[in-house]
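What follows is one structure encoded as C-alpha cells, with my remarks underneath.
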Amino acid sequence: MKKLTIVEAAVEALILLNTASSIKQIYAKIMERKLYKFGAKDPIAVLRVQIERHCESTSWTSEAKDKLFNKNEMGLFYLLTEKSGHLPINCISESSTDNLYLVNQLAKKLKQSTIERIIDHLYTLEPEEFESFCRRFLERYGFEDMVVTQRGRDGGIDVVGYLEVGISQLHVAAQCKRYKKTNKVSRPDISQFRGDIQGEYQQGIFITTSSFTQEAQDIAFKRGCVPIVLIDGETLAEIMIDRGIGVSTSHIPIYDFEFDLI
C-alpha cells in the first residue's frame, strides 16, 4: 500500500468523516485508520499547518499552490470537491483530471458506505445466524469438503475443511464470533482456539464482527505454532466486496477524448 503524505491522509480522513470537521476530528480519524504516522511532538499543530497551506481561504503567506480544502464560517474544514462536507451533485469540471479525481473519491465513499452497511447488518444477526453466515462465506471463500461441527462438541471450532493456499491444500479450522464493537477478541481467545486445533489442523481462521487487540494480533503468527488468520468486521466486509459475496457491482464507463487515437 502506498504511503500517504500528511495532506493525502487528511483528504482520506475527510472522505471517511463525510462532513466538515475540526482539526482534532481529522487527526482522530487519521490515527484511527492509521493513515499516517506522525513523528512530531505536536502532530495536531503540524496537521493544521499542512491543511491551512492547502486551504482555499487561507491567509498564510506560505500557502501551497494546490488547494484541496476550504473552511466554513464555523472554522471547520471540508474538501473543495464538497459543499460544507457533502459531495455536490452538479460538480462536473472542464478538466478530465478533476472529474476523474471526483469519480475516484465518490467510488471510495461508496465502498466505505457499503462496508459500514455490511458490518451494521452483521451486528443484527443472532450468534447462530452469524455462524450460519460464516459457513456460507467460507464456502464462497474457497473451503472444500467443509464440515460444520456441533455446538460445544469441538471447543471453539465451528467449521473445518480444506483450503487452497498457494500450491498447497491445507486442513483448516475456523471459529466465528459475533462480538459487539467494544468487545475485542483478546490474546486468550486466540490461544484457546490455537490449543483446540494444534496438531490436527494446519491453519486456523478466526472471524469476528468486532476487532482484535494488539496482543491477539501479535500471537496470531507464532514460530512453531499453527498460524491463525484474523478476519475482523472490516476485513470481512472488504473480502465480501472484493469477491462479490452478497455484493453487486455497477460498471460505469468513463470516457475521455484522446486526439492521437483518431
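The values are calculated or read from the model by the stated rules, or taken from the named source; none is laboratory data. All figures in this text were calculated on a predicted structure; none of them were measured in a lab. Heads up, the Cβs are rebuilt from the backbone with ideal geometry, glycines too, and the neighbour counts pull from every protein chain shown. Ligands, DNA and RNA are stripped out before the accessible areas are found, and what is left, the full protein with its side chains, is counted by its heavy atoms. Shrake-Rupley method; radii C 1.70, N 1.55, O 1.52, S 1.80 Å.
Using the 1.4 Å probe convention, the accessible area of segment 187-240 works out to 46 Å² per residue with neighbouring protein chains retained. Comparing Cα centroids, segment 27-52 and segment 193-235 end up 31 angstrom apart. Think of each Lys and Arg Cβ as +1 and each Asp and Glu Cβ as -1; about the Cα centre, that makes the dipole of segment 158-262 roughly 720 debye.
Beyond 28 Å in Cα-Cα separation lie the following of the pairs 71/109; 29/222; 71/111; 65/111: 29/222; 65/111. Largest accessible area first, the listed residues 53, 223, 48 line up as 223, 48, 53 when surface is computed with a 1.4 Å probe on the assembled protein chains.
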